[in-house]
């Protein structure tokens, strides 16, 4: 990790430790640094090591964020298996889930083909605009 990334990580740790923010993403040029508190640890400050690992792991990954406010649905219908989970291979444009807003289901689509490395929301969880839903590891170019 270069000095610029390390300094950015330190600044994010300071912001998280001094506030009640649960997740923060900062983009500086080609570098994106994301840090989040684990569920149930709203008051615990993240460690610099954890933030540094996040920086290294997330640089090549694609974040899929909510484009609507509503209720997240992981499956097409009640009781069905989730459309994707950690380790699922996806294609660009594939439906990852739905966000229901005013009885209208909006599709959450994969922006790139690759593998789901994180599912950040649970079925039937309320979501806000811009909230992280999935992280994808893009497929290697052919």
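For segment 61-79, the set of residues classified as surrounded by 11 or more Cβ atoms within 10 Å (Cβ to Cβ) and free of Cβ contacts under 8 Å to residues at least 24 places away in the same chain consists of 76 only. From the list 94, 125, 131, the lone residue that is outside the structural domain of residue 34 (by TED's automatic domain parsing) and without any contact (Cβ under 8 Å) to a residue 40 or more places away in the chain is 94.
The values are calculated or read from the model by the stated rules, or taken from the named source; none is laboratory data. Keep in mind it's a predicted model, so treat the numbers as computed, not measured. Cβ sites come from the backbone with ideal geometry, for glycine too, and all protein chains shown count toward neighbours.
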